[in-house]
Each structure stands twice: as structure tokens, then as C-alpha cells.
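Here is the structure we will look at, set down as C-alpha cells.
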């Protein structure tokens, strides 16, 4: 195999594969990238067996074929080459020879045969705008459990459905058992061929955001699935992930219905207040207390070990006093993820789940964040 | 003719012998106790062929008058009891009046005794329970009993005897125990002409422990100088003064890094009587709870002294069991006294330069056994020697400190200058010096290496954090301020029937510790809230672990134990794992917090936290001292 490619193209596509390539080498071939030249394109494939990516770039192919080289080493080297064209040629012993200007390099590669085969993508079942998907992911990914043991919560649920007579709805939900992030868009996706309800693993979500950003604001994501895999196609790039087994919890039941006490606050104010008070919260539990009273919200904590701190934030609140405990980290996660100027707390009492929402969004967009209180 | 007959004495004695005289060691025990009861200060034991051929116990006690000597071989004849009231307060080791006739009925026995009140002594010979002769003889004061051919007339018993070495080991271990209990007396044990144990009267118990076990074991021990507790017993009737009973406990405890696989290294003496008692055994295990791993045992040498009325030794003929009148009081007293002592001393484990983690694994048994094996492998016949030479030093000379063999070293020219004298601190540093530790870095992102004035320390980051959290959780629990995080969706877990029983028992305690759980139908439990420090992902595991831990010793576990078990599970889950990189501030924080804990030497599961490579060892290793 022999081809010539623009350095910038190769660096860009290799960069996308870095998030997928296995870092801790248990199986050596997984730290390699598969290079395949055919027609007038070079395609690059990387996988860690959970997640796989296939992307491509234009190339002048002199001789078709394929081979693998260590992905990180290749990127690190190519990045340092001068801009312009470079030529890569695989030798008989699986080594790759790279020529660029006056640079000559031979890299140890591995046989293509041992590289895992990625499944082919079936017909797409749904389509959605890439920026929409990216925004849904960034607003939910932080609520995914980081622990490996409860794997059904190690991802977010994506639902695309079309109720009869209504516009199609796309929903993404994530939870770690203590809090839940829910985002819903109405009408921004074309009607799906069939209803979608899939669990997307956390690592895949992070890669999707990168791919969506790389692809630009106009691009679309095609979604498909087979029994074991999910496929996301963005332009010429394809991300394949193994499906998460198991059931996502019944989140509808968790969304509060009768949280009638509403306090509206300035997002920056409450965020700064929580961040400062949290410095004096217990290091492990991060517990702070919030006292909602007329026109004012008091964020406070006191600990015999570290000291005490309190902040007053003006708010529009007229309900009865509610003194409720929360994990400060959970609140900060949300307050950092929203961009609106104002947020609202919706409460029932100090024992029931609290809900946070950004204020002033169109009816077609709903972002809800449910946090369970702490008993302190 | 009637079928029921009264058994002749000889038969009755043989039956009694079955209970009392099981093996040579039991004979030694009975004779030794008699010797000690007779107020002797020197006891000499000789055995041949593991005690099968000969057992001789000679003392310098009060001896017996001739008439008494003859009477002693009657069943239930004793000088130690007079009426039934005495049974309630037994102050002597023996009291049943069964031992001598029992032993006499299964062996050829010779008794030599002289009381100071008589001018001449008495020699009595009995074989198989029949009196052969009784003579007047010229004898020194005291009593000497020689038992030959044990079980010569009971072939069944003889067959069940183990090898000579095993029997000898039993005798040896017995003699050791009694020598520990009576540190002011001298003991000698000879086997086939070789000396096995020889201890001279020692001023303190510590000296005796040193004589018997040697310096290495003593280093690993914590001395309990004496704990006392009074128990007030309410008067039976009005007008009577309420009685006060004094319990006194002293002895030696091992540091937590000494861990034995069995209970053989626990010696309990109640009023100088060696006993095996489940109650006290449990108290000891409870004292080491959360200090050493479950399933391992400490080395302990405990002397419990109390009023004779408080303890009933008349439980079994072999007198190895006792019953306490106030069981739970004794149990708690022993547990608390030991625990306090352990907390107070805070000893730090050290790197032992020669790697010998199991060196005291089965003392004294193993050393004796080893010695016996050595003896067995020695040539049976001594080699003829022309010149008289001093006998080789016995391998185990308890009375003398071990001879230090200094390796021959070439003198190294001192080119680096002398080491400042004050750089060598007094050894025996405790974990108190954790306070001025300076972390240097991590080994494999798992162990913190730190330097201090007294040497180099290695700290296991996971267990260190575990200990910090454990105490924190217990404190929070005690203060009732537990931070509880409610769960979005209750976690429903399925229990086995066993776990269901456990759960029902500890439900309240779980709630107090922050687990809001609710029975949810048949053998199903819904967790609605959990301690904030416990991540939702770990909840199920933690809860099952708690239920699992509550199981093995279900009946004996107190609520306090359960509380500690819960805290231990939570702490273990929440603690920093190994293979975690820590930055400098985090390490400093960890060491500071560790130093502030009550018990920074082992984690709640009993693993050691910190190891010290003392300045002394470092200097030694570099041949500077």
C-alpha cells in the first residue's frame, strides 16, 4: 500500500481517533490505528472493542492496501512534520515508511489481520442535528454515574418518538441515583423511521460531542442500531459503540409533579454563593443547606472541623420557609451547565426531591434537573 | 440376685483416671499443681520417653506426714477441702482428691516425702493401685513422686498415646505455662537427661516472659501493668453490707501486627490456674476487634485475679474450664482493660530486618517441637570423647539472653565523619511520631513514603484513609449527625432467608447509621436513603457486606460490634484506593489526619497501616554502628 496525503488532513482525522484508542495497552493491536487506502480516500479505524471510530480523508492512492501503526506515535510524529504532503508506504514486514520532504522514517507496525473487524452500519433509523445532540449531551453527561458497577446508569438514555398528531420529540436522560438530568426538544428532529430508545455509554457521548463540534453547525447525525451496537454517522465519520445491556430506571416516576414552591434566582449569584459555602462543607458528603424564605435564599453550612459560612441571595419566593440539604457538587454541576441568566428552584418540602430549571426557555425546550435532598 | 453392685475402689479409680489422666501431660499437671499447692519454691520435672517410661516431679514443699501419705491414695482424700462450703471458694489448684489414686491405679508409682515435723521421710510404692510397700526412709524435705510405666495396665490408653515427641511437647508447654503463672518460683524440666526449661525465680513477670520466650517476643508485647475494677454486689437481705469484689487483670498483649492462625498463643490464667474459657476468649477477640483481621488471633498472656467466690472451677475433672458468677461483668472488664492498654501504648510495627513474619506463630509449642525434632534427628548414641568437654549449650536456653554472633567485618576507614550522636534516637518509637512525618512520595501510587526524625516510614494509603474515615463515621454516629443522601429511586435488593434474619436484627442500627431501608415484600428490601459518603453505585455491595459480616458470629455480636462493622464497610468503600496518585498536599493531609486518629496502627479490618524503618536499623544496615 502506498498513498500521499495532506499532513493537515491526516492530523485532524488521527486526532479524532485518539479518544478511542486504548491507552492502557492490554491488547497491543488496540493501540494501533488501521489505515486503508482505496480509490481516492484513506480511511482510518480505531477501536478499544467498546467503542470504534472510522473516519477518512482524501488521498492520492498509488497502491491500494492496508496496515496498522501505533496511533499515538503516528500522530505525535506527523504533527511535527512541516505542512504539505507526506507519503506513507507499508513494507513487507508490516513496517510503515513515511516520507515527507527530507524526512524519512520507518515505523514498526503490526499485521492488519489481527485488527478487530468493525460491524457494518445498518440502515439509519433516525436523524438529528449534530449541534442538538451535542447540546443534549453536555447538559446531561455530568449526571452519569462514574462508577463502573451499576452499568445501566453508565450512560444516558436517548429517546426519539413521534406521538400521533404531535411533533417529534427527542429526550435525553441521565442519572446516578442521586440526581437526574432531563432534556427535551420538540419539533427539531425529523420524524424517525421508528421510535428510538437507546442507552448511549458515557465514553461514546464524549466522543460524539467532539465529532459534532468538528463537523460544524449544519451537520446531521444518522443513528442506527443492530443487536449489539449503536452507530452514529456524522458526515464521513462513523462512531460505533457497543450497546449497554439492562434497563434504564423508570425516570418518569421520578420527575416531580407537585413541586409548587418556586424560587427564581440569578444564576451567577446562586452559583457563586454555593461555590463559596461549599468550601466549608464536609469533604466527602459536600453537604450544604439552603433556607428558602420570603424574598431571600440563605445558603449555609457549619462544621465543627472546618468552620461555617453563609450567603444570602435575593430571590422571588413567597412560600413557607423550607430548610433543605443538598450536595453542593450536584448543584454546581447544573449551574455550570446552563447558560441562561436565571434559574428556578421548585420544591415541595425538605424531604422530597427538588427540581432546578433554567428560566425563560421556549416551550419546545425543557431542561429539568432533579436532585434528592440530604438529611443533615 | 440383684444386678446392681457398688464398684470396688480399684475399678472406680480406673474410671476416674480415664477422666483425669489422659496422657503424660495430665499426670504432670496434677503433680505440678500438688507441688505448687504445697507451697514449694523449686519444682523439678523429669520425663523419659515423653513421659511414658518415667515422670518425676520433685518439689521442696511442705511434704506429708506418714499417715497422710498413705491416706492420700484413698479416693476423695485431700487436705485442700474440709466441707462443702470450701467448694464455693477454692483457693488451691487441686481440690478433688482424685488425682493421686487415679494416677496410682494406672502406673507404678513411688512417693517419697518428708514433712519438716517428722525426722524421717516416707517411701511408698504402689503399682496398678495396689500398695506394695511403705517404708521409713532418709529423705530431704518436700515431696517427690515418680510415675513409671504409665498405662502399663491399660493397653487401650497406651495405644492412643501419640509419639514421644508430641507427648513431650505437651508436657513442655504445660511446664512453660505454669512457670509463667508463678514467676517467683524456679522450674526445671528435663527430658531424657537433657534440659528443656530452666528458669530461676524472677522479680517480675516481664523477666519471666523474657526467660521463657526470649527477647524477640518480648519486643512485640505490650505490658498490662494492672487494671482493676470493683463490682458491688447488692446485699441479699436488708441489713447486710453490700459486698465488693475486686477483679484484677495484668499480663502481656501482642501488638496488632502479631497475628496467629489459632488460639494456641492465648494463655489465660484465672487465679494462677491455666484455663481455656470461651467467655474470656471472646473478650480477647473483642478487644482486638477491628485491630487484627477476623480469623486471626493475638498472643496474649493474661492473669485474672478475683475473689475465689467469683469463680467456680469445679466444672470438669480436668479443671480447664471455669464458670464466672458475673459473666458479662468479667467479659466487659477484660475486653475494656485490654483495649485501653492497646490504645494507650500505640506501638508502631517495625521492619524486622530478618524476614520472619511467622516467627512466633506457635510459641512456645513450635520452638519446643522444633527442638524435639532436632533432638530426634541427633545421633542416638553420644560419640565417644576422649577429653571431657563442656556440654553443648542447649538450643533454647531461656535463662540467658541470646548470644549475639557478630559477623566478622573489616574495619572501614571512616571517611565520612562520625554520625552525629543525637541522630540516633532511643528505639521504641511509637506512632506518636506520625505527627512530624514529611511525605516524600509514593511507591506505585499505593504506599506513601515519609521521613521523620526517627527513620523512614511507609504508609498504606488505603488503610490509612480507611482508619480515618472509620473513626470519623463512628464519631458522627455517636454524635447523631449523620449526613444522609436520599435516593432518586429506591434500590430494591433481594435477601436470602439468612440475610433476612440478619436484616431484621440490625434494621434499627442501619437506620441510625443512615440507611433508610424498608421491607418491601417477601425477603425484599428497598433502600431509600443512604449515608452521603457512600456512592449510589456502592450501596448494594456495602449493604450485602454488612449483612455478610453480621452473619458468622451472629449470636455473640453486640450492637456495638455491628455498628463498628457497618462503619468499617462504609470506610473501606469510601477510602482512597491503592493505585491512586496523591499530590503532596493530599499526602500531608492524610498523615496529619492519621496522626489525629485514636488508633493509627491498623485498619478496621486489622491490616497494619504504617511500617517504620528506624534510624537504628538504617545505621546498622549501613554498618555505621
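The values are calculated or read from the model by the stated rules, or taken from the named source; none is laboratory data. From a predicted model like this one, the values you see are computed outputs, not experimental measurements. Counting neighbours? That spans all protein chains shown, and the Cβs are built from the backbone with ideal geometry, glycine included.
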| Restricting the stretch A:238-263 to residues that are modelled with pLDDT of 90 or more and crowded, with 19+ Cβ neighbours inside 10 Å, the residue that is nearest to residue A:323 (Cα to Cα) | A:263
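Identify, from the list A:302, A:318, the residue that is within 18 Å of residue A:346 (Cα to Cα), over 28 Å from the mean Cα position of the chain (by Cα) and either within 14 Å of chain B (Cβ to nearest Cβ) or loosely packed, with under 13 Cβ neighbours inside 10 Å (or both). Before you say what the answer is, go through the steps one by one.
Working: A:302 fails: within 18 Å of residue A:346 (Cα to Cα).
Step by step, each of A:302, A:318 is checked, and only A:318 is within 18 Å of residue A:346 (Cα to Cα), over 28 Å from the mean Cα position of the chain (by Cα) and either within 14 Å of chain B (Cβ to nearest Cβ) or loosely packed, with under 13 Cβ neighbours inside 10 Å (or both).
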| query | Exactly one of (1) closer than 18 Å to residue A:143 by Cβ; (2) in a helix (DSSP H, G or I) is unmet by residue A:256. Its number? | reply | (2)
| request: Output the number of the condition that residue B:514 fails; it satisfies all remaining conditions of (1) buried (at least 21 other Cβ atoms within 10 Å of the Cβ); (2) within 23 Å of residue B:561 (Cα to Cα); (3) within 14 Å of another protein chain (Cβ to nearest Cβ); (4) in contact (Cβ under 8 Å) with a residue 40 or more places away in the chain. | output: (4)
| request: Scan the stretch B:446-475 residue by residue and report those that are within 14 Å of another protein chain (Cβ to nearest Cβ) and at pLDDT below 85. | output: none
| query | Any idea how many residues of the stretch A:266-289 are away from chain B (no Cβ under 11 Å) and either out of contact with any helix residue (DSSP H, G or I) (no Cβ under 9 Å at 6 or more places or on another chain) or without any contact (Cβ under 8 Å) to a residue 40 or more places away in the chain (or both)? | reply | 7
| If you check residue A:312 against the conditions, is it modelled with pLDDT of 90 or more and in a strand (DSSP E or B)? | yes
| said: Looking at the stretch B:77-85, can you tell me whether even one residue there is in the same structural domain as residue B:156 (by TED's automatic domain parsing), on the phi > 0 side of the Ramachandran plot and either part of a loop (DSSP other than H, G, I, E, B) or without any contact (Cβ under 8 Å) to a residue 24 or more places away in the chain (or both)? | reply: no
| remark: Filtering the stretch A:113-125 down to residues that are buried (at least 16 other Cβ atoms within 10 Å of the Cβ) and touching a helix residue (DSSP H, G or I) at 6+ places or on another chain (Cβ under 7 Å) yields A:115
| remark: For residue B:25, the lone unmet condition from (1) in a loop (DSSP other than H, G, I, E, B); (2) within 25 Å of the chain's Cα centre (by Cα) is (1)
| Qualifying positions in the stretch A:356-375 - surrounded by 21 or more Cβ atoms within 10 Å (Cβ to Cβ) and either over 30 Å from residue B:533 (Cα atoms) or within 12 Å of chain B (Cβ to nearest Cβ) (or both) | A:369, A:370, A:371, A:372, A:373, A:374
| Going by the structure shown, is residue B:448 over 28 Å from residue A:179 (Cα atoms) and in a strand (DSSP E or B)? | yes
| Identify, please: which residue in the stretch A:78-96 is loosely packed, with under 15 Cβ neighbours inside 10 Å and free of Cβ contacts under 8 Å to residues at least 24 places away in the same chain and is, among those, nearest to residue A:8 (Cα to Cα)? | A:80
| message | Among the listed residues A:157, A:128, A:133, identify the single one that is buried (at least 18 other Cβ atoms within 10 Å of the Cβ), within 14 Å of another protein chain (Cβ to nearest Cβ) and under 20 Å from the mean Cα position of the chain (by Cα). | response | A:157
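Does residue B:213 qualify as being touching a residue at least 24 places away in the same chain (Cβ under 8 Å) and over 24 Å from residue B:602 (Cα atoms)? It would help to see each step written out before you state the result.
On the way: touching a residue at least 24 places away in the same chain (Cβ under 8 Å): yes; over 24 Å from residue B:602 (Cα atoms): yes.
In short, yes.
Which ranges mark the strands (runs of 3 or more DSSP E) fully within the stretch B:121-199 that have 1 or more residues being modelled with pLDDT under 85 and touching a strand residue (DSSP E or B) at 6+ places or on another chain (Cβ under 7 Å)?
Working: elements: B:121-127, B:130-137, B:142-148, B:186-191, B:194-199.
Correct list: B:194-199.
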| residue B:509 fails exactly one of the following numbered conditions: (1) out of contact with any strand residue (DSSP E or B) (no Cβ under 9 Å at 6 or more places or on another chain); (2) surrounded by 19 or more Cβ atoms within 10 Å (Cβ to Cβ). What is the number of that condition? | (2)
| field | Complete set of residues in the stretch B:521-578 that are modelled with pLDDT under 80, away from chain A (no Cβ under 14 Å) and under 17 Å from residue B:492 (Cβ atoms) | value | B:521, B:522
| query | So which residues in the stretch A:334-354 are within 14 Å of chain B (Cβ to nearest Cβ) and in contact with a strand residue (DSSP E or B) (Cβ under 8 Å, 6 or more places away or on another chain), if there are any at all? | reply | A:347, A:348, A:349, A:350, A:351, A:353, A:354
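Kindly evaluate residue A:210 against the criterion of being within 14 Å of chain B (Cβ to nearest Cβ) and either closer than 24 Å to residue A:46 by Cβ or modelled with pLDDT of 90 or more (or both).
Working: within 14 Å of chain B (Cβ to nearest Cβ): no; either closer than 24 Å to residue A:46 by Cβ or modelled with pLDDT of 90 or more (or both): yes.
The answer is no for residue A:210.
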| said: Please return the ranges of strands (runs of 3 or more DSSP E) entirely within the stretch A:1-96 where 3 or more residues are closer than 30 Å to residue A:200 by Cα, in the same structural domain as residue A:231 (by TED's automatic domain parsing) and in contact with a strand residue (DSSP E or B) (Cβ under 9 Å, 6 or more places away or on another chain). | reply: none
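Right, residue B:504: away from chain A (no Cβ under 11 Å) and either assigned to a helix (DSSP H, G or I) or at positive phi (or both) or not?
Details: away from chain A (no Cβ under 11 Å): yes; either assigned to a helix (DSSP H, G or I) or at positive phi (or both): yes.
Spelling it out, residue B:504 is indeed away from chain A (no Cβ under 11 Å) and either assigned to a helix (DSSP H, G or I) or at positive phi (or both).
Could we say that residue A:110 is away from every other protein chain (no Cβ under 14 Å), touching a helix residue (DSSP H, G or I) at 6+ places or on another chain (Cβ under 8 Å), surrounded by fewer than 23 Cβ atoms within 10 Å (Cβ to Cβ) and on the phi < 0 side of the Ramachandran plot here? So that I can check it myself, show each step before the final result.
Working: away from every other protein chain (no Cβ under 14 Å): yes; touching a helix residue (DSSP H, G or I) at 6+ places or on another chain (Cβ under 8 Å): yes; surrounded by fewer than 23 Cβ atoms within 10 Å (Cβ to Cβ): yes; on the phi < 0 side of the Ramachandran plot: yes.
Yes.
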| request: Please verify whether the stretch A:326-333 includes one or more residues that are within 14 Å of chain B (Cβ to nearest Cβ), buried (at least 23 other Cβ atoms within 10 Å of the Cβ) and part of a strand (DSSP E or B). | output: yes
| Listed residues B:522, B:549; which is more than 33 Å from the chain's Cα centre (by Cα) and either not assigned by TED's automatic domain parsing to the domain that holds residue B:284 or not in a strand (DSSP E or B) (or both)? | B:522
